[in-house]
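A.B. asks: Just dropping this structure here.
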Amino acid sequence: MEDGAVYNETTEPQAKPPRRPFGCTLRHLWGWRLPIKALQAILSLLAVICEEIVEDCVTCGGLYFFEFTSCSAFLLSLLILCVYCTDVYETFGEDKVQTV
């Protein structure tokens with residue numbers, strides 16, 4: 001056996017799967033679900049922006065609650081889009097994603 005000849009002639013290096021840009025895939029969020037989640041993120045961001053326009057209020061409790069819920073909805077919809085449209089779904093596994 002020659003020095004450095006570890007592999008047989010028929011052994012091929014294992015091919016790596018093709019990389020997607022930013023790991024983006026629409027495999028797990030397809031059909032009508034993707035536009036609905038994108039619309040949810042846009043509308044909740046719009047609600048946060050509209051809430052920030054208000055300068056004066058007499059009783060601000062409801063306005064603060066609206067700010068909290070709209071900001072939470074925006075962040076959670078972005079999280080869902082990131083998990084389902086990137087490689088994170090395969091990394092953690094379907095059972096852990098469904099649990100969360």
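The values are calculated or read from the model by the stated rules, or taken from the named source; none is laboratory data. None of the values given here were measured: they were computed from a predicted structure. Glycine also receives a Cβ, built like all others from the backbone with ideal geometry; neighbour counts cover every protein chain displayed. Only protein heavy atoms, including side chains, enter the accessible area calculation; ligands, DNA and RNA are left aside. Shrake-Rupley method; radii C 1.70, N 1.55, O 1.52, S 1.80 Å.
A.B. asks: Roughly speaking, what is the stretch gain from Leu76 to Leu43, that is 0.36 nm per residue apart minus the C-alpha to C-alpha distance, in nm to one decimal?
C.D. replies: 10.6 nm
A.B. asks: Taking the Cβ-Cβ separation of Val54 and Trp30 as r and a Förster radius of 35 Å, what is the calculated FRET efficiency to the nearest 0.05?
C.D. replies: Details: r = 38 Å, r/R0 = 1.09.
The calculated FRET efficiency here is 0.40.
A.B. asks: By accessible area of protein heavy atoms, probe 1.4 Å, what ranking do Asp56, Asp87, Asp95 get, highest first? Don't jump to the answer; show the numbers that get you there.
C.D. replies: On the way: Asp56 135, Asp87 45, Asp95 105 Å².
Ranked from most to least accessible, the order is Asp56, Asp95, Asp87.
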